[in-house]
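Presented below is the structure to which this report refers.
The values are calculated or read from the model by the stated rules, or taken from the named source; none is laboratory data. Every value quoted in this text rests on a predicted model; they were computed, and no experiment measured them. Here the Cβ is made from the backbone with ideal geometry for all residues, glycine too, and neighbour counts use every protein chain on show.
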Ligand code: GLN
């Protein structure tokens, strides 16, 4: 039987439930357990695919093409288990399943209700997602006390009864420190546990987010009022250096021991081996260089909108003990060609995005990078913008554009596949009539790298798998003119019909990809494109990059 750890949050949101769950999972994994994580989100959207990054942060894409909550990104950065469709579930998804069953007559005419039908559907989901693992961590989005999370809490309460000693309830709370009184306050924690108990859930572990270490008497007080054993009242301090401190921190608080003991797994698991994480911390703290990368995007004010990307950039640095400062630039500001903000940066990156706003600013930034031999990495929209820039300014195709912005452009360098694949008769069928959520190229796809290219050298592999999330593609009718003008199409889909990576060999480091490499970067392993890009930024800073010659 899989052991379940339910993770709830109280008092306020943004306590870092996802990170704490992921960090605990990382420790348990290091003790030899096979661990997975599941995020249950109480909102009614069927998936986060159509949610605005302004409101909800990035949409994280799994290898099997699920558009998920960004917490799944944390999960994959902390554990080796790959996430997929089953690892993120929303109220909307549960209700669609229930309603589909009702329409099919599966309920045999019964009155369909939140309890038991919705809760049963949730329980089923949890069972399916956790099958085959030693431990599954189930994180409930939102804060205890929210009306919309009630069905989820009821479902996990029932699972708790069913699983007995194979289920743990871990509750995250805030223990505020009042500076004026020089005191920490336990009352919000007491209330939040009371709320949880009123719906029948008694937490087994409390993770108390606090600015200062709780002393013994404070922990004793919380334990007394919440019925949680004193040793399971744990201080979770803010991480000092980075989020990658958390596995080591929680281990020092013996969180994994408490879990292992509770589940009776002492004889089956080894001690925690956090060497990998200690190495990550060491490389974060003891850096030898510092570079600045300009990230030119549309959602730059919203840090969560580029969560995986900013993490991947950091990972790229920490592989080589380079501290990376990310200069976030609003691409709209660069639209009128005032590029003074780009002065002195060591490299430029244009991330993924959608829609018209800010596109011309991205094109300007890319031109600046190309013409001034500044290392450039383009991701998804950042590749499409690079293709548009190259078409206009190198190939002389005036007015070239993506049809996402200008459907009447004379040169549709980027377009929907259905707009340009004709004579060959091979039009990919993507149902454009369905909902917005259904028309993207999504998930991990294989790509063959061209011998002798920068991409091939960086990956040191011929075939790679990377994740996609976009509707538009590079228009194959422009392959010849691009190649004649010095662009190398260094990555193609396995059937060679889609251009996945472009690069300019006559530039010290210019590479753009149609996929999202940031989703597969991790602090322990980094990612070849980001590692190469940050290395190039450092060489640029040190004046070591060969200018205007082949980069190999
Ligand atoms: N808007 C572009 C497309 O749909 C790029 C998407 C992205 O950057 N993720 O193809």
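Here are a few things to note about the model shown:
- Residue check for residue 393: more than 16 Å from the ligand (Cβ to nearest atom), under 30 Å from the mean Cα position of the chain (by Cα) and farther than 15 Å from residue 503 by Cβ: no
- Here residue 500 qualifies as within 14 Å of the ligand (Cβ to nearest atom) and either part of a helix (DSSP H, G or I) or over 21 Å from residue 534 (Cβ atoms) (or both).
- Looking across segment 339-362 at every residue that is part of a loop (DSSP other than H, G, I, E, B) and either away from the ligand (no atom under 15 Å from the Cβ) or within 22 Å of residue 535 (Cα to Cα) (or both), the one that is modelled with the lowest pLDDT is identified as 339.
- Test: residue 365 is touching a strand residue (DSSP E or B) at 6+ places or on another chain (Cβ under 7 Å), within 12 Å of the ligand (Cβ to nearest atom) and assigned to a helix (DSSP H, G or I): no
- Taken together, 292, 287 contain a single residue that is surrounded by fewer than 20 Cβ atoms within 10 Å (Cβ to Cβ), within 19 Å of residue 331 (Cα to Cα) and in contact with a strand residue (DSSP E or B) (Cβ under 9 Å, 6 or more places away or on another chain), which is 292.
- Residue within segment 197-217 that is part of a helix (DSSP H, G or I), surrounded by 17 or more Cβ atoms within 10 Å (Cβ to Cβ) and in contact with a strand residue (DSSP E or B) (Cβ under 6 Å, 6 or more places away or on another chain) present: no
- Residues satisfying the criterion are present in segment 109-132 (criterion: in a loop (DSSP other than H, G, I, E, B), closer than 30 Å to residue 31 by Cα and at pLDDT 95 or above).
- Residue match in segment 375-383 (condition: away from the ligand (no atom under 14 Å from the Cβ), within 29 Å of residue 312 (Cα to Cα) and in a loop (DSSP other than H, G, I, E, B)): yes
- Checked against (1) in a loop (DSSP other than H, G, I, E, B); (2) under 29 Å from the mean Cα position of the chain (by Cα), residue 139 passes all but condition (1).
- Looking across segment 439-481, the residues that are out of contact with any helix residue (DSSP H, G or I) (no Cβ under 9 Å at 6 or more places or on another chain), assigned to a loop (DSSP other than H, G, I, E, B) and more than 10 Å from the ligand (Cβ to nearest atom) come down to 451, 452, 453.
Quick grid of which residues meet (1) within 14 Å of the chain's Cα centre (by Cα); (2) buried (at least 24 other Cβ atoms within 10 Å of the Cβ); (3) within 25 Å of residue 520 (Cβ to Cβ):
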| site | (1), (2), (3) |
| --- | --- |
| 21 | no, yes, yes |
| 33 | no, no, yes |
| 91 | no, no, no |
| 107 | no, no, no |
